Structures are given as structure tokens and as C-alpha cells.
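Novice: After the C-alpha cells below, expect a handful of questions from me.
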Amino acid sequence: MVTITSAALGRKRTRAVARAWPALARGLGADFARLFTAYARAETPPDAGALADGLAFSRTLAREQHLPDSALIERMLATTRLKLRRNRLARRGPRLAAAITAPPRRLVIIISLPPIGARFLILSPPGRRALSLPARDAYVPQLRPVS
């Protein structure tokens, strides 16, 4: 009975993170559930819910260099607005972030100004196709007021 309950709670946690981090789930595809389950076995869920859980999971993937480009952009947008501190989310002030994606190389620049919000720009080298991305809102994790 405990095993069944544990598995159900694990699936619920996986679904919650997939909803809060759609580009991460989409970028990992079928591997998302397997990778997140392995991560969830080793880490207790943060107090701040699925958004913080996905942020910590994406940090682990980035360290292991398994973070897809779409998830990199989603993570950058989230970290320009929020930070995970002592298992809780806290808002950040103005912030600028930049990264280079995996081949084909592209420069991603993100600026966050709290009253305006976050904006990003993706630059491709001359002669290369632009990175095709879903709607900009797909990369903005759902933010809830932080107390």
C-alpha cells in the first residue's frame, strides 16, 4: 500500500512540474518522467511547490549538461525573476542574463525589469536559420506572489 501511494505521489509531483515548466517537459520529451523520477527520489520537494521543484531540477540537469535549449531559455527567464533560497522562492530585482545554446550556436540575452517584466532576444550567426520557438508565454513559468 505504501509503495502504491508513493508512486502516485511521485506521478503527481512529476505532472505538477511538467505543467509549471512546459518547455522543460517538452524539451526532454519521453525522458522527462524518467529523469524527474530519478531526481525526485534523491531530493525532497521544496516548500515553494512545482515552480521551485522545476527550478531545482533544471539546475541539476544544467550541471549534468542535459538541459535542452528550450528549457535553458525557460530556466533563464525564471532565474532572472526568481531565486531559490533555503528551499523557498524569492523575487529578484533587475537582472541581465546571457547564454550560448548548444550547436547550432545562438546567443540568448534576457533582461528583467520588475515593473516591465522579462524580455529575451535570440541572435543567430549570419547565414543561419533563426531558432524556431513557440509563443513567448510558453517560456514564462507561472509566477505566484511570494510571501
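Just so it is clear, none of the values below were taken in a lab; they were calculated from the coordinates. Only a predicted model underlies this, so the values are computations on that prediction, with no experimental measurement involved. Cβ: placed from backbone, ideal geometry, glycine included. Neighbour counts: every protein chain shown.
Novice: As a check on your grasp of the helix formula, calculate [θ] at 222 nm for the chain: sum -39500 (n - 2.57) over DSSP H runs of n ≥ 4, divide by the residue count, round to the nearest 500.
Specialist: -14000 deg cm²/dmol
Novice: Let me ask something else about it. Rounded to the nearest 20 debye, what is the charge dipole size of the chain about its Cα centre when +1 sits on each Lys and Arg Cβ and -1 on each Asp and Glu Cβ?
Specialist: 280 debye
Novice: With θ set to phi - 60°, apply the Karplus curve 6.51 cos²θ - 1.76 cosθ + 1.60 along the range 2-14 and write out the HN-Hα couplings as whole Hz, x wherever there is a Gly or Pro.
Specialist: Whole-Hz 3J(HN,Hα) from phi for the range 2-14: 5, 5, 5, 5, 4, 5, 5, 5, x, 5, 5, 5, 4.
Novice: Let me ask another. Calculate how steeply helix 69-81 sits against the longest principal axis of the alpha-carbon atoms of the chain, using the helix alpha-carbon long axis, and give the answer as 0 to 90 degrees to the nearest 10.
Specialist: 90 degrees
Novice: Here's a follow-up. Would you please report the Å³ per residue occupied by the convex hull of the alpha carbon atoms in the range 2-133?
Specialist: Looking at the range 2-133, the number lands at 113 Å³ per residue.
Novice: Starting at the first residue of the range 102-117, write each ³J(HN,Hα) from the Karplus equation 6.51 cos²θ - 1.76 cosθ + 1.60 with θ = phi - 60°, in whole Hz, x for Gly and Pro.
Specialist: So the J values, rounded to whole Hz, are 5, x, x, 5, 9, 9, 10, 10, 10, 10, 10, 10, x, x, 9, x.
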